[in-house]
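Asker: Got a structure here, written out as structure tokens. Questions coming.
Derivation of every value follows stated rules applied to the coordinates shown; laboratory data play no part. These numbers come from a predicted model, not from an experiment. Positions of Cβ are backbone-derived with ideal geometry, glycine not excepted, and every protein chain shown enters the neighbour counts.
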Amino acid sequence: MSTVFRPYVPSSQRSDRSARDRLRHRQKIKDSIRDNIGDILAEESIIGRDRDKIIKVPIRSVKEYRFIYGENSPGVAQGDGQQKPGDVVQQGDQDGKGQGGKGGDQPGVDAFETDITLEELIAIMFDDLELPELERKALKEVVSEDARKRKGHRRAGIRPRLDKRATARNRARRWMSVRRSREMGPDGEKPRFPFHEDDMRYYHIVPTTKEASNAVIFCIMDTSGSMGTVKKYLARSFYFLLYQFVRQKYANVEVVFIAHHTEAKEVSEEDFFHKVESGGTYISSGYKKALDIIEDRYHPSLWNVYAFHCSDGDNFYSDNERALQAAEELCKVCNLFGYGEIKPSGSAYYSGSMLEVFGQIKAENFHMITIEKKEDLWEGFRSFLMKDKASGVSAHGKVFGGSEGAASAAP
Amino acid sequence: MSHAIDELSVWDERILELVHKYGLNCYPQEFEICDHNEMLGYMAYTGMPSHYPHWSYGKSFERQKTMYDYGVSGLPYEMVINSNPCLAYLMRDNSLLLQVLTIAHVYGHNDFFANNFTFTSGTKAQHVLQSFKSHAQRISSYQEDPSIGIEAVEAMIDHAHAICYQRSRNLAIKQLSQEQQIVRAWERSQPPADPWREIHPTPEYTPPNLTRVPAEPQENILEFIAKYNPYLPEWKRDILTIVDAQTQYFMPQMDTKIMNEGWASYWHHKILNELNLPQGMHIEFLVRHNQVLRPHPGGLNPYHLGFVLWHDIERRWNQGDTGKEWSDDKPPTSEGITDENDTPGRKKIFEVREADRDQSFLRRFLTREIMEDLNLFQHERRGKDRVVTKIASEDGWKEVKENLIKSVGTGSIPVIKVEDADFGKNRTLYLKHYHDGRDLQLEYAEHTLKHVTAIWEREVVLETSINGKESLLKIVGDSLKIERL
């Protein structure tokens with residue numbers, strides 16, 4: 001019986017045996033994120049962050065369930081002799097985490113957490129929506145005429161379009177020929193040899209058409225006194241989702257914030273979420289403002305317009321008719337127009353609702369949702385975008401303006 | 001820093017000499033030199049050179065790697081597999097002393113594997129590596145089978161893993177077949193032999209239920225389902241069998257953690273002290289030894305507890321301090337014995353390493369004095385906190401000891417048995433939790449029940465006790481329903 005020593009074989013010469021199982025584990029984590037995306041998004045840690053910042057989201061690892069003992073099972077541990085009955089050895093909810101207690105035998109929280117970036121999370125979110133690639137493209141087909149491109153050179157032009165490289169090359173070419181004619185060796189003393197006007201070359205710019213991917217999001221919010229903190233938080237979460245979604249699809253996304261009570265004004269993001277107004281509500285005022293801005297700055301043939309309005313549904317009765325009309329107008333110019341009524345549970349049912357009023361809107365690209373709690377956000381958002389998918393074909397090729405646009409609302 | 005194999009062989013020969021001198025009875029030993037990455041890989045797959053694939057091993061790898069990368073936990077110096085020949089890994093970057101220490105430690109484990117009854121009755125050491133390899137090949141073949149595929153196989157393994165530890169713990173106890181159980185049930189139902197039967201009134205007789213399956217409650221749930229679910233295709237049945245067989249291999253390791261690590265530590269300590277290490281190495285040995293064996297306040301270090309107990313047993317038997325329960329007519333003594341191997345203490349520990357498992361080991365040899373020395377205490381949940389409830393004092397030590405015994409090794413796994421495979425004449429599987437004061441964790445119970453349901457393919461119910469109330473857990477629709485019994 002003699003002992004065998006097997007020499008070291010470098011990892012590089014062995015197969016990475018756990019590679020496939022690690023991959024499967026990663027996929028499992030992604031699946032579990034997808035299944036719980038509503039809960040994850042409802043966490044305040046995600047919403048309310050700076051949108052461009054990449055953050056990390058802790059995800060519980062995939063659990064392996066077994067029959068195990070619960071919390072009333074006593075444990076035995078070794079102390080330093082100072083312990084006496086009644087001492088607290090572990091506080092609060094940190095069961096199973098590292099120090100203290102008998103971590104190993106308690107189920108508690110699985111200490112291992114996986115980080116994913118916000119970007120990854122959003123990618124998973126939109127995978128979950130299962131929007132086919134084709135339709136994402138269809139939405140980009142809006143043509144922008146603003147674009148220009150370089151095409152060839154001209155001998156004359158304005159200074160900013162000077163092609164320095166071509167100009168310098170011309171000068172060098174001229175210098176070579178001059179040198180040859182003067183029969184100077186390469187070592188000869190260099191006379192001054194300035195640029196000549198004939199050397200100058202300018203870019204020629206031609207207008208071109210380009211598939212634009214511009215989108216603008218109109219965030220319209222009721223800032224009247226009845227919109228409390230909870231409601232605003234829900235609204236903000238929704239806008240966050242919308243922004244992330246639209247940003248994925250378009251290269252250039254702008255956001256317009258419109259706050260309204262009885263009158264509307266365009267505000268900064270900061271003011272939009274933090275300024276509290278008081279008074280009553282004319283919903284129509286917000287829509288009118290949006291229509292004005294669209295006409296001014298975001299012509300729908302160049303811009304994909306998404307508008308979403310959050311309100312608690314309290315509106316002056318006399319305004320309902322006007323609001324309905326304005327909403328119909330908005331439908332005609334928007335890819336998607338949504339109305340979200342925020343009714344946190346516990347809020348009174350006797351407060352008004354616009355759902356009935358807006359229920360009369362027949363446009364395909366109009367969608368209403370009700371948000372009662374954080375968990376509704378994802379479902380609401382999902383159904384909102386499903387609408388986008390359904391109306392995707394009709395959403396482009398529309399013409400701005402009242403009656404002309406009417407036909408475009410039909411599929 | 002890696003060491004030439006020749007150098008290690010020289011040390012190994014010296015160690016082996018001592019191993020033989022002390023009468024350790026080992027399998028042939030093989031060492032493989034690996035780096036830290038390979039070690040992480042082996043750890044994820046419980047040391048096996050080949051093992052069937054499953055995502056949980058990927059999870060385990062990632063967890064180990066994260067902890068290692070962030071310095072939360074180091075790597076074990078050694079990893080050793082219960083097989084014949086015994087296979088162990090040495091990390092090439094360890095210092096020479098660590099390699100020597102590890103080699104000595106591994107021989108301790110090797111001897112324990114080869115002699116302890118849990119291992120000798122539960123596993124066939126010469127076939128271990130081969131059987132793991134064949135399991136891996138079978139599982140891979142199912143995964144590659146186009147009519148089955150990776151996902152179905154993975155789901156099946158998920159289900160099987162959920163209940164794989166619900167099996168008999170003591171592998172030395174022979175499992176009776178259904179027929180043998182029926183015979184036993186009938187025999188038990190017969191009135192005891194009575195020479196005065198003629199004049200005694202006829203005793204009341206209740207006929208045994210001989211048609212029930214299982215005749216006696218069954219602890220091996222996987223095996224039971226594989227046998228009694230008639231609708232399982234062969235590949236599913238095979239996966240259940242494979243997972244069950246592999247779990248059986250790990251049961252002895254779970255059940256002898258304290259003894260096994262203590263035994264290996266006892267021997268590395270003894271051997272290294274006799275190697276006449278150069279001074280530098282000797283100091284490093286003391287440092288490393290204390291690192292491994294230091295107590296973990298707030299936890300329980302099995303190396304430490306085992307090491308202390310083995311030394312205590314040897315001391316007590318040499319001094320005749322065997323305690324009331326164990327005293328012979330004449331207390332043993334080491335006086336006048338010149339060969340160390342013949343001292344009663346040494347003989348006793350060899351006997352114990354063969355015949356005990358952690359639970360009996362602690363019950364028999366954990367004395368109040370040691371518990372006080374180690375400052376053992378019991379903690380329980382009070383509200384949100386964990387609170388010290390008992391310490392190893394005059395009135396508390398017995399309870400602390402009982403609870404320690406309950407929670408070591410397989411004691412931390414609830415005992416759940418199949419009572420009836422045709423409950424309500426409906427092919428409902430009736431499981432019963434043998435409650436010992438500890439409730440089940442209900443979230444886990446719910447999901448585990450779903451796993452059982454998935455392989456039994458009919459309703460599964462579980463009888464247990466929640467906060468002292470007898471209850472029946474059922475899965476209705478997709479959620480857990482608790483009925484009071």
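Asker: Taking chain B as the reference, fit the longest principal axis to its C-alpha atoms, fit the long axis of helix B:55-69 to the helix C-alpha atoms, and give the angle between the two in degrees, 0 to 90, nearest 10.
Answerer: 30
Asker: In degrees from 0 to 90, rounded to the nearest 10, what is the angle of the helix B:302-319 Cα long axis to the longest principal axis of chain B?
Answerer: So the inclination is approximately 70 degrees.
Asker: Taking the Cα centre of chain B as origin, work out the dipole magnitude from +1 charges on Lys and Arg Cβ and -1 charges on Asp and Glu Cβ, in debye rounded to 20.
Answerer: That gives a dipole near 1080 debye.
Asker: Now a separate question. Please report the orientation-averaged projected area of chain B, defined via the convex hull of its C-alpha atoms, in nm². List each step's numbers first, then the result.
Answerer: Details: hull surface 121.8 nm².
For the Cα atoms of chain B, the hull's average projected area reads 30.5 nm².
Asker: Please compute the contact order of segment B:411-484 in relative form: average sequence separation of alpha-carbon pairs under 8 Å and at least six residues apart, divided by the residue count, as a percent.
Answerer: Result for segment B:411-484 is 24 percent.
Asker: Still on this structure, please answer the following. Against the longest alpha carbon principal axis of chain B, how many degrees, from 0 to 90 and to the nearest 10, is the axis of helix B:149-163 turned?
Answerer: Taking the Cα atoms of chain B, the angle to B:149-163 is about 90 degrees.
Asker: Then there is this: Could you give the distance between the Cα centres of segment A:260-336 and segment B:1-77, to the whole Å?
Answerer: What the calculation gives is 68 Å, centre to centre.
Asker: Within segment B:1-97, list the chymotrypsin sites (Phe, Trp or Tyr not before Pro) lying in a DSSP loop whose Cβ has at most 12 other Cβ atoms in a 10 Å radius.
Answerer: Passing sites in segment B:1-97 are B:Tyr70.
Asker: Report, in whole Å, the centroid distance computed from the Cα atoms of segment B:418-485 and segment B:373-403.
Answerer: Centre-to-centre distance over Cα atoms comes out at 31 Å.
Asker: Under the rule a/c < 1.5 gives rounded, and otherwise a/b versus b/c splits prolate from oblate, where does segment B:1-91 land using the Cα gyration tensor?
Answerer: prolate
Asker: Taking neighbour counts of Cβ atoms within 10 Å as a proxy for exposure, in what order, fewest first, do B:Trp310, A:Trp378 appear?
Answerer: Placing the least packed residue first, the sequence is A:Trp378, B:Trp310.
Asker: Could you grab the Rg to Rh ratio for segment B:300-410? Cα atoms only, Kirkwood for Rh.
Answerer: Result: Rg/Rh = 1.05.
Asker: Residue by residue through segment B:351-362, which ³J(HN,Hα) values in whole Hz follow from phi under the Karplus form 6.51 cos²θ - 1.76 cosθ + 1.60 (θ = phi - 60°), with glycine and proline marked x?
Answerer: 5, 5, 5, 8, 10, 10, 10, 3, 5, 6, 4, 5
Asker: With N denoting the number of residues in segment A:148-207, provide Rg(C-alpha) divided by 2.2 N^0.38 Å, to two decimal places.
Answerer: Expressed relative to 2.2 N^0.38 Å, the Cα Rg reads 1.41.
Asker: May I ask you to derive the relative contact order of chain B, considering only C-alpha pairs under 8 Å and at least 6 residues apart, and to give it as an integer percent?
Answerer: About 14 percent, as a whole number.
Asker: Now, a different point. May I ask you to list the trypsin sites (Lys or Arg not before Pro) in segment B:350-414 that are in a DSSP loop and have at most 15 other Cβ atoms within 10 Å of their Cβ?
Answerer: Sparse-neighbourhood loop trypsin sites (Lys or Arg not before Pro): B:Lys384.
Asker: Rank the residues B:Glu144, B:Glu463, A:Glu328 as a footprinting-exposure proxy: fewest other Cβ atoms within 10 Å of their Cβ go first.
Answerer: B:Glu144, B:Glu463, A:Glu328
Asker: Find the relative contact order for segment B:300-410 and round it to a whole percent, using C-alpha pairs within less than 8 Å whose residues are 6+ positions apart.
Answerer: 19
Asker: Per DSSP H run of n ≥ 4, the term is -39500 (n - 2.57); total these for chain B, divide by its residue number, and report the mean residue ellipticity at 222 nm rounded to 500 deg cm²/dmol.
Answerer: It lands at -16000 deg cm²/dmol.
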